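Notes for the one structure printed next.
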Amino acid sequence: MFSGSIPALVTPFRDGAFDEDAFRRLVDWQIDNGSTGLVPCGTTGEASTLTNDEHHRVIQVCVEQAAGRVPVIAGCGSNDTRTALMHMQHSKAFGADAALVVAPYYNRPNQEGLIAHFSHLAENGGLPIVMYNVPGRTVTDIAPETVVELARRYPDKIIGIKDASGDLSRVTDHRRGISAGFCQLSGDDELWLPHSAAGGVGCISVTANVAPGLCAQFQAAIASNDVARARELNDRLYPLHYAMFEDASPGPVKYALTRVHNWLTEDLRLPLTPCNAGARKAVDEALEHAGLA
């Protein structure tokens, strides 16, 4: 259902509030430069610092502005199953195409708890679910056998995974245990190339916020089996992938966007603060290496 270069969009702020005009411009710029889907209110979108009303407004604006040109995978995750369900129900009403649902964080549920959580959302949320496994942030790891079990139980509802575990062997584990239609997306930009070689179909990307055109070209090269071109573009983007995490995300990507567009700000919400001098230097050098500055 989903493939290609799919940015995990930042949420622009100005003077402490959601900058709706800038966000609409960002959505248009992403689509015009080849992004094949959009993810509002993920980790990069600072969903953890949005009120519920803001969270839902960001998703609504994204769906409105995309206007069916590309699918919208709405960030709906929470460590509370009821809250995740609420986000899914609002996203469905707005017209989102799917929900990105992160493994519950902080509570540290076991695998049985994860199955119960995702099962409840699959049965009641009304949207297809792309699971999001990022144990480095959540502490909770969605084991491959749990992914397989859920995809087999709900083949029309649990339709994919964004995997930021860093374990490339899982692509094969999932592929061998689930039907071919299950959508595997990398959650780590720097692993996008080998993830695709193992069976992935794209990436929910941080770097694509800043370099949508290059990321779209990179994915096109992968899809056409042009390994030489894919490797060339990967080398061009590689320093940028790492620069995005030289300080707490999304600080570096918001700084990078100010280098690309004068209509965006670095504004973040506490406890996040603008990225440090070392991260700025890394971003500057990476943008120059990629030919973007």
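Restricted to the range 51-60, and to residues there that are over 16 Å from the mean Cα position of the chain (by Cα) and either part of a strand (DSSP E or B) or of a type outside the set (S, T, N, Q) (or both), the residue that is nearest to Y132 (Cα to Cα) is H56.
Filtered by the rule that a residue be assigned to a helix (DSSP H, G or I) and either of a type in the set (A, V, I, L, M, F, W, C) or buried (at least 24 other Cβ atoms within 10 Å of the Cβ) (or both), the range 1-50 gives A22, F23, L26, V27, W29, Q30, I31, A47. The residues of the range 148-180 that are aliphatic (A, V, I, L, M) and either surrounded by 15 or more Cβ atoms within 10 Å (Cβ to Cβ) or at pLDDT 95 or above (or both), listed by number, are V148, L150, A151, I158, I159, I161, A164, L168, V171, I178. Candidates D163, D189, D141, D167: the one that is touching a Pro at 6+ places or on another chain (Cβ under 7 Å) and of a type in the set (D, E) is D141. Tallying residues that are part of a helix (DSSP H, G or I) and either touching an Asp or Glu at 6+ places or on another chain (Cβ under 6 Å) or not aliphatic (A, V, I, L, M) (or both) within the range 181-197 yields 6. Residues that are more than 16 Å from G16 (Cβ to Cβ), of a type in the set (V, I, T) and touching a Phe, Trp or Tyr at 6+ places or on another chain (Cβ under 7 Å) within the range 47-70 comprise I59, V61, V63, listed in sequence order.
For the range 115-136, a residue qualifies if it is touching an Asp or Glu at 6+ places or on another chain (Cβ under 8 Å) and among the polar types (S, T, N, Q), and exactly one does: N133. Look at (1) touching a Leu at 6+ places or on another chain (Cβ under 7 Å); (2) farther than 26 Å from P12 by Cα and you find that I204 fails only one, number (2).
In the condition set (1) exposed (fewer than 15 other Cβ atoms within 10 Å of the Cβ); (2) acidic (D, E); (3) closer than 16 Å to G77 by Cβ, E145 is compliant with all but (3). Contact annotation: residue pairs with Cβ atoms under 6 Å, 6 or more positions apart or on different chains, pairing a residue in the range 10-21 that is in contact (Cβ under 8 Å) with a residue 24 or more places away in the chain with a partner that is outside any loop (DSSP other than H, G, I, E, B) and among the acidic types (D, E), are F18/E54.
The values are calculated or read from the model by the stated rules, or taken from the named source; none is laboratory data. It should be emphasised that the depicted structure is a prediction, and the values quoted were computed from it without experimental measurement. Don't worry about glycine lacking a Cβ; one is built from the backbone with ideal geometry, like all the others, and counts go over all protein chains shown.
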